[in-house]
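Written out below as structure tokens is the structure these notes cover.
Read-outs: derived from the displayed coordinates by stated rules, not from any lab. Predicted model, so just to flag it, every value in this text is computed and none were measured. Cβ coordinates were reconstructed from backbone atoms using ideal geometry, including for glycine residues, and neighbour counts include every protein chain displayed.
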Amino acid sequence: MIQLSKLEGFFWVAREGGFAKAARAFPYPITQPGVYQQVKRLEEDLGCALFSRGGGKGRVQLTGAGHHLYSFCAPFFEQLPVVERAIHARSYGGVLRIDGAPMTIRGLLPTWLARLHEARPDIQLSLEELDMPNVERLRRGQADVIVDFVETWPSWVRVRPVARVSTFLVWPRRLVEVAAKHVGLPPDALTTMAMIGYGAGSRLRELQEMGLRWLGLSPAQVITANNADSILAFVAAGLGYTLIPWLDDEGPQDERVQAQRLDVEQASFDIVAAFHEDAVDNPLVDALLSAAPAMGS
């Protein structure tokens, strides 16, 4: 296997065209004989000449094997100072892997990631939409950040709140007159309507069922849908009502539905950016957090 120290001497000789110039160009002090010994040992390891004499006193030229090796190693040595400066400045890019719930990917991440891209176009984004947050993906390094709601995180996870979600009761607008006759929620008309809910066993369905208990509602029928857009479309069509978490303080904006925020403390919760404690000094995660929305914005 080629040793890096020998390859370094070869690179500088090839770049400068001679041993004396290479010794002067080295990033650290070294003598001309020292450079010569690096190249000589490399040629011995490879069993072939990498340079031939020519082009004037002290000048050397690459052989065919030397050209092949130089084309391989030159990009590495030429970019190494750039990489070193980026590491010192903590400004290097790369791929940032983010897991998020459908709600956060739709309602929170677009403007957030647009700010990040404007500030750091060198950061590439990889998004994974998951119905349930998978903390094991953080532990295994398959995700750098989870943007979601979890009641309890493991001790090795660090979190930063980035948004506040409220739960809204949403019903067809044709029931507005009925609702207006009541103080508070729900209107009596909801007791005979179906509830449009997420799939049984999902975390969002559990939140909906919790909200039903707060309101004292026991729907006669539940119609399930996979996402917020479908649920709201069913409500708009008059098929039932729903309880839905929403990032916007005004709730869903659709002329066909009426929405009212639940005035219950437990019906609001924080969306957080969660990351492994080992990523505290990860500049990609730092850049994401620097672009995060301010709470309440």
Subject >> Sorted by Cβ density within 10 Å, fewest first, the residues MET1, MET132, MET195 >> reply: MET1, MET132, MET195
Original post:
Taking square-rooted eigenvalues a ≥ b ≥ c of the alpha carbon gyration tensor, is the range 216-270 rounded, prolate or oblate, where a/c under 1.5 means rounded and, failing that, a/b exceeding b/c means prolate?
Top reply: oblate
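Using a 10 Å cut-off around each Cβ, can you sort ILE223, ILE87, ILE105, ILE196 from fewest to most neighbouring Cβ atoms? It would help to have the intermediate numbers written out before the result.
Numbers: ILE223 16, ILE87 11, ILE105 19, ILE196 27.
Ascending number of Cβ neighbours within 10 Å: ILE87, ILE223, ILE105, ILE196.
Express as a percent, rounded to the nearest 5, the fraction of DSSP beta bridges in the chain (both residues included) that run antiparallel.
Percentage antiparallel, nearest 5: 60.
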Subject >> Euclidean distance of C-alpha centroids, the range 149-169 and the range 90-145, integer Å >> reply: 16 Å
Subject >> Linear extension gain, GLN79 paired with VAL264, 0.36 nm per residue minus alpha-carbon span >> reply: 60.9 nm
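Find the relative contact order for the chain and round it to a whole percent, using C-alpha pairs within less than 8 Å whose residues are 6+ positions apart.
Rounded, it is 20 percent for the chain.
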Original post:
Among VAL222, ALA119, GLN61, which residue has its Cα positioned farthest towards the positive end of the charge dipole of the chain, with +1 placed on the Cβ of Lys and Arg, -1 on the Cβ of Asp and Glu, and the dipole taken about the Cα centre?
Top reply: GLN61
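Quick one: LYS40, LYS57, LYS6, fewest Cβ neighbours within 10 Å first, how do they rank?
On the way: LYS40 14, LYS57 7, LYS6 19.
The order, fewest Cβ neighbours first, is LYS57, LYS40, LYS6.
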